Structures are given as structure tokens and as C-alpha cells.
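Structure first, commentary second.
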Amino acid sequence: MTASPAAPVGAALLWRGPDGRALHADTRHTLTDGLRRWPVVEGIPWLRPGRDDLRERAVAALDAGEPDAAAVLLLRDADDWWESAPPPPEQLHAGLRAGTLREAVRLLGLGRVGVYFLHRWSDPSWLAALALTAAHPPAGRPVVDLACGAGHLLRHLVRHGHRGAVGVDVVFAKLWLARRFVLPPGARVSLVCADLAAAWPLPPPTAPRHVACHDALYFLPDKAAVVAAALACAGPGGALLLGHLHNARHPAGRAGLPLPAEEWTALLPGATAYAEEELTAAAVAGRPPEPAVAAALAATEAVSLARDAASAAADPGLLQPAPTSPLRPNPLYVDGSRRWPDPRWAEEYGGRAATYLPQRWPAEPGPDAVRRRLLLDLPERW
């Protein structure tokens, strides 16, 4: 299987480069602002600043009719927090032909991030994201998922019928996984590889948007600038959801560049604030989450914030997979016993996940099996 030429180059949106210049297609596989050319692989524009050598090499490979070579170059690119060396090119070439998400994350050398992607549907922060989204839903507005990773939230919303979705991430490999394995086949989702610390790739809104950023903002140094840009991206009548913001005062919240809870809430005045533990518990119980008081926020592992200018009504259906979704047993169960994928996942998620995932597969899973993540809506090629 080879990397496809970018049929939808610029078709879904009028992208902007990292200096804010409008881009247009100059070939089926590149965009240009008139000064520089940017590669598009698998329909994903790669617009990262400060990597001119990589950009030019990828463009040259595409011009030479070698989309696989361009894909391998971009799959080697990582974010500034990643400490592992990229796999050798021949391994990444093999990754282009992976038949499953499991095989792909291994061949792409994604390590702990790959484990996170494979089992995202089971972890408590995913349940918290579902509860936050159900309480403050898109309600027909286009969705922009910032730091979208491998597209788990985009998949969930598309399966529920939401259209006009865009996913932005700084790591091409994550977007490639989203396109190849996670998003439903034929999903009309625009993906773009861009740095939220530069000019954003989306044009100004012509209608309100539903903008979300889960489990990522604590990695960014200038959080206030990102929040301001996200509000501008949402536009009048839009919504902004910020999920899983690590609380610097909690032992489990010290990864990245966290803030104390009160500093997170100060970034988005007027937002409704939630404690991570309450969001997870609400999703498991199938009920709306309760906003947090100051004491709960001070003690939580992670803060979540939501501000919706339209005050859209809650959509409890978003707590569950779409009604037509085929469900499969959670792969964390092997021979009837629950097994965490690795010690790191167990340390980070196992304690809270054990409150809804029993040690043994029950004789009768029961009517709450989906809410408790015993049954999952996994991609067909998981």
C-alpha cells in the first residue's frame, strides 16, 4: 500500500502557512504561498515551521513521484518532547504497509504514545473527554480538534453524524494513523500538521465553531496565546473545550508544563470548570457531570474547562458509541482476565480504570457494559 497523492489538496479549507500567508495548490501534492512549497501526503498538509530542509526534501520526493519516500521523511518527524530516535527508514517503509493499528504503532516506533493510542478507548481521561463533550456538545457547529493525536475524538463525533471536522496536530505520524486506521472510511475530516505556537492553519471562522483541545495544552509554553487563538478560531457563538489540564499541585499532574488549578481557570474566564475524577465517574454512570467547586479543583489530577457562547444543550448520546457502531470486547481482557498493556499505562491509568473495568470478565456483562468500557467501538483494523 503506497501513500496516495493528495487529491483533496486545499479542497476542504483554504489553509494558511505558519507565517499566516494563504496557501493554494500548485500541484496535486503541494501547496504554496508564492514563496515556499509545502508537502501534502495522504491528503494531510505538512505546515511545520523551522524545518526547511525536511520540507524541501519531502517536496522533492513528491515532485519525483515518490510519495512513499516523502511519507517516510515526515513519519520520522516528532514533537519537541519526544526523546526516542526515529526508526530506520526501512522499518518506516514497512509501516506504510501495516495492516492494523497495532502493527503500525510498532513499526513507527511510537512506544508509550502508541500504547496510549491503542488503549485510548479504555482510559479514564477518554471517559472524561466524552463527559465534557456530551455536556458541551458541538450542536451542529463544525468541530476543530487541536492536538487531535490519532483522531479518537474526531472518529467518535463523525460516527455520531457531526460534519465539517478538522484535526490539527504537530506530529505527522499521528495524523497518518488517524487517516489510515482510526477515522471511519470515507470520513470527511480535514487533517493538517501544524504547530499551534505559529500562525494557525485555519482561516478565520465564517460561522461559529466547536473547538476542543484535550490532554495537550499543558505541554505548550505560551498557554494564554493558544487559548486566545482558540477563542478566535471558535468565533462569536462558538465553544471552547479544554480537557485534562494537569494540576501542578497533584502528584499525578506534573508531566509537561502544568499549572495550578486556579491558573488554568484564569486562562478562560467565564468557563465551567470540572474535576477529572468527576468527569470520568459521570461517564461511567451515564449522567451529566457536576461542575467543580474550588476545593475539588485544588485536589483534582487535571482540570477541564468549557465555555460555550451559544449555551448548547447537553447531548447525553455522546457518552456512548453511535447506535450503529459494531462493538467488540475490550482487548485488555485476555483469557477472561484484565491485563494492563504495560507498567507505565498501569501506573498512569490503572488505578482509576480499575473502578469500572473488573479484574475478571463478568459471566454476564450486563446493560452497563458499554459505559464501563467492557465493550468498545474499535476501528475495524485495530
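The values are calculated or read from the model by the stated rules, or taken from the named source; none is laboratory data. Given the structure is predicted, the values throughout are model-derived calculations rather than measurements. Quick reminder, even Gly has a Cβ in these numbers, built from the backbone with ideal geometry, and neighbours come from all protein chains shown. These area figures cover heavy atoms from the full protein model, side chains too; ligands, DNA and RNA do not enter into them. Shrake-Rupley method; radii C 1.70, N 1.55, O 1.52, S 1.80 Å.
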Potential lengthening between ALA224 and GLU380 on full extension [0.36 nm per residue; Cα-Cα distance subtracted]: 52.3 nm
In Å², nearest 10: area of VAL115 left accessible to a 1.4 Å probe: 30 Å²
Percent breakdown of C-alpha pair distances by 10 Å bin, ordered from the shortest bin, for segment 96-255: 10, 40, 38, 12, 0
Separation in nanometres of the label points that stand 7 Å from Cα toward Cβ, at ALA310 and ARG287: 2.9 nm
Inter-part distance where segment 280-332 and segment 154-226 are each reduced to a Cα centre, Å: 19 Å
Value of relative contact order over segment 181-279, rounded to a whole percent, pairs C-alpha under 8 Å and six or more apart: 24 percent
For the chain, share of DSSP beta bridges that run antiparallel, in % to the nearest 5: 55 percent
Label selected from (i) 5, 22, 28, 21, 13, 7, 3, 1, 0; (ii) 5, 24, 34, 26, 10, 1, 0; (iii) 5, 18, 18, 16, 14, 11, 8, 6, 3, 1, 0, the criterion being P(r) over Cα pairs in 10 Å bins from 0, in percent as computed here: (ii)
Added length on full extension, which subtracts the Cα-Cα distance from 0.36 nm per residue, ASP68 to ALA299: 78.3 nm
Contact order normalised by residue count of the chain, Cα under 8 Å, 6+ apart, percent: 17 percent
Cα gyration tensor category, rounded, prolate or oblate, for segment 230-376 with a/c compared to 1.5: oblate
For segment 41-125, the spread of Cα positions along each principal axis, largest first, Å: 43, 29, 24
Modelled label reach - ARG112, point 7 Å along Cα→Cβ, segment 302-319 residues with backbone N closer than 20 Å: 302-303
Cα-projected label distance for LEU327 with ALA85, points at 7 Å along beta-carbon direction, nm: 4.6 nm
Accessible area of ARG102 in the full protein assembly, 1.4 Å probe (Å², nearest 10): 110 Å²
Rel. contact order, % - alpha carbon contacts under 8 angstrom, at least six apart, segment 57-198: 20 percent
Length gained when the stretch ARG21-ARG254 is fully extended (0.36 nm per residue, less Cα-Cα span): 80.2 nm
Heavy-atom surface of the chain, accessible at 1.4 Å and reported per residue (Å²): 41 Å²
THR100-ALA232 FRET efficiency (beta carbon distance; Förster radius 45 Å; 0.05 resolution): 0.70
Gyration tensor verdict on segment 164-289 (Cα atoms; rounded if a/c is under 1.5, prolate if a/b is larger than b/c, oblate otherwise): rounded
0 to 90° range, to nearest 10: angle between helix 52-63 axis and the chain longest Cα axis: 70 degrees
Heavy-atom accessible surface of the chain: percent carbon and sulfur, 1.4 Å: 56 percent
Sequence-distant residues sharing a close amide H with HIS210 (under 5 Å, placed H): VAL143, VAL144, ALA239
Sites ARG188 and ALA354 - FRET efficiency at Förster radius 35 Å, r taken between beta-carbons, to 0.05: 0.40
